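This report concerns only the one structure given below.
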Amino acid sequence: MGRTRWFPFVFVSLLAAAPYLTTPGFDFVFDDRHLIVHNAFLRQAASPFTAFAHHFWHGTPYGAAYYRPLVVASFALNGRILGWGPMGFHLINILLHAGNAMLMLVLARRLGCPAPAALGAALLFAVHPVAAWPVASVVARVDLLPAFFILLAWLETARPGRSAALASLLFLLALLSKESSAAFLGVPILAMRRMTEAVPERPDRRLALALAAAVALYLLMRRAAGLGLFVHQASIDPLINPLGVRPPAERLPAAAALAGRYCLYLLLPLRFRDPSNYMSHAAFPGPLDPGVVLSVAVPAVLVSWVVILWLRRDRIALPLGFAIASFLPAANLVVPIASLYAQNFLYLPLAGLALALGIAIGRGRPAWLWQTPVKVAVGTLLLPALGIAAYGEARIWKDEVALFTAFTERFPYYLPAQSGLGVALLDRGRPREALGPLRAALALSDASVEAHYNLAVALILTARSVGDREEALTHIRRVIAMRPLFAPAHAQAARALMVLGREAEAEAEGREAVRLDPDLSPEIGQVLGQKKATGP
């Protein structure tokens, strides 16, 4: 028996890692480039420590919104120990998910689930496609790391003779990884009412005080880093999250409908899609829209169910309450957040649902579940199907062309997806293919500096007529009007004007580009010199 007791843990960890074994060969994509590749702060000697004095996006062009210093510190240490290439970062993400799956198995057993039920909960968590985004996207470690510390904290609170100090420390580490970790507070709060089943022990006053102290310390650290309690609406980019800047009367029905799609994906993990156009006021659903009503009804029923279970002293209310509490803050319902589409935030709710499922199965112990045909069907059909789906979902993070191609198919009216695909194609020397998605981005909103600039570059590279060059110049002028201090736009304007034969204007734009960024001097000199050398 002693030789085989570790087999379930090995099995769960290997199954959790299996769909993602190709991810170490993936590139850095999307936010990885800002937060890791081009972030000089990470490479500073003291960054693992000084990260606690800064916001999450410190060292990038983006402003303060979140406080996740432990994740930043993990990136800094990751680069120092395993190198600054993507392989080491992806490897740590795989190990974190595999570790979380093993912790899920331990926690389910500690909460009283029989061995088969605990194994079922851990296996569901291990292979569910929801994990694909957190594992395959390096930056989505912001969901893997807090889950790791929450599961450890939960284990400690459920241990006989628990240490309140250790539980509060683990909870603090989770908070320092992601704000939504605060949902774990719901577990000991709900458990203050004694459940009919004896496990785990009720939280005592010492544990409550220790967890409160962890929250207070976190808030002090967040305040010292210059951050408030919530993301200010003024800091939300309306092109990245159009819902975040809408008044509540418009935002809440649309956010509810989107939350319904997320809930459906948790229960039926087919490809997540959203054809809604949040850039168009006319496309916003009303509060009585059938999709909105259904989306509001489902969480309302779930919350009511948790309350009833809690009043009945049923301990399944704890993981279900945690699942709901970790879902709502990231769904643009409670408060607007910086992102519109972030499938990775379902990772913590999945943990709560998996635990609830393990408790439910283990309690009833229906005989049919333990029959060989059922076990064979689960082992040969359900788990492989989920694993294959997770593998396919992870593959979209292979590189930026794959990622944004998938995004444009799933979210056709999402401007960052169209613009991102155009930029990715430009970066790979495919400017003619970039024209389509960049035009699609500007059709959604004329306010995208990135789309205007890159469409101008693509037009300059593929121009076949004076009309193409004039169109490129029009887009560059639009960029300069929106961002007059953006030196590359003046440089591209000089390039376009020289090709059009307007040398005096080109020289003026070239001088402005060099004034704003002296490093552009050789490029501007080459642009102006080449035209003069080939002139009449």
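The values are calculated or read from the model by the stated rules, or taken from the named source; none is laboratory data. Treat the numbers as computed from the prediction; the structure is a model and nothing was measured. Here the Cβ positions follow ideal geometry from the backbone for every residue, glycine too, while neighbour counts run over all protein chains shown. Heads up: the accessible areas ignore ligands, DNA and RNA and are worked out on the full protein's heavy atoms, side chains in. Shrake-Rupley method; radii C 1.70, N 1.55, O 1.52, S 1.80 Å.
Numbers for the structure displayed
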| item | result |
| --- | --- |
| The lone exception for R432 - which of (1) within 30 Å of A126 (Cβ to Cβ); (2) assigned to a helix (DSSP H, G or I); (3) not aliphatic (A, V, I, L, M) it fails | (1) |
| Considering residues of the stretch 154-168 that are polar (S, T, N, Q) and either closer than 19 Å to A101 by Cα or surrounded by fewer than 19 Cβ atoms within 10 Å (Cβ to Cβ) (or both) only, the residue farthest from the chain's Cα centre (by Cα) | S163 |
| Subset of the stretch 80-105 that is crowded, with 22+ Cβ neighbours inside 10 Å and not hydrophobic (A, V, I, L, M, F, W, C) - its residue that is farthest from F28 (Cα to Cα) | N100 |
| Subset of the stretch 4-20 (residues that are touching a residue at least 40 places away in the same chain (Cβ under 8 Å), of a type in the set (A, V, I, L, M) and open to solvent by 30 Å² or more (accessible area, probe 1.4 Å)) | L14, L15, A18 |
| Verdict on H34 being open to solvent by less than 10 Å² (accessible area, probe 1.4 Å), at pLDDT 90 or above and either outside any loop (DSSP other than H, G, I, E, B) or not β-branched (V, I, T) (or both) | no |
| Residues satisfying the stated conditions in the stretch 143-153, i.e. open to solvent by 10 Å² or more (accessible area, probe 1.4 Å) and within 14 Å of the chain's Cα centre (by Cα) | L145 |
| Test: residue in the stretch 414-424 that is among the aromatic types (F, W, Y) and not in a helix (DSSP H, G or I) | yes |
| Subset of the stretch 211-247 [surrounded by fewer than 20 Cβ atoms within 10 Å (Cβ to Cβ) and hydroxyl-bearing (S, T, Y)] | S235 |
| Subset of the stretch 106-127 [closer than 20 Å to P160 by Cβ, within 28 Å of the chain's Cα centre (by Cα) and open to solvent by less than 10 Å² (accessible area, probe 1.4 Å)] | L107, A108, A118 |
| Out of A496, A489, A456, sole residue that is touching a residue at least 40 places away in the same chain (Cβ under 8 Å), assigned to a helix (DSSP H, G or I) and within 34 Å of the chain's Cα centre (by Cα) | A456 |
| Residue within the stretch 346-364 that is assigned to a loop (DSSP other than H, G, I, E, B), aliphatic (A, V, I, L, M) and either modelled with pLDDT under 85 or buried (at least 24 other Cβ atoms within 10 Å of the Cβ) (or both) present | no |
| Some residue of the stretch 254-275 being buried (at least 20 other Cβ atoms within 10 Å of the Cβ) and more than 25 Å from Y347 (Cβ to Cβ) | no |
| T23, sole failed condition from (1) at pLDDT 95 or above; (2) open to solvent by 20 Å² or more (accessible area, probe 1.4 Å); (3) among the β-branched types (V, I, T) | (2) |
| Criterion violated by N39 - all others in (1) open to solvent by less than 30 Å² (accessible area, probe 1.4 Å); (2) modelled with pLDDT of 95 or more satisfied | (2) |
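Okay, residues lined up against (1) crowded, with 22+ Cβ neighbours inside 10 Å; (2) without any contact (Cβ under 8 Å) to a residue 12 or more places away in the chain:
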| position | (1), (2) |
| --- | --- |
| F284 | no, no |
| S295 | yes, no |
| P299 | no, no |
| W305 | no, no |
| L309 | no, yes |
| I316 | yes, no |
| I324 | no, no |
| A330 | yes, no |
| V334 | no, yes |
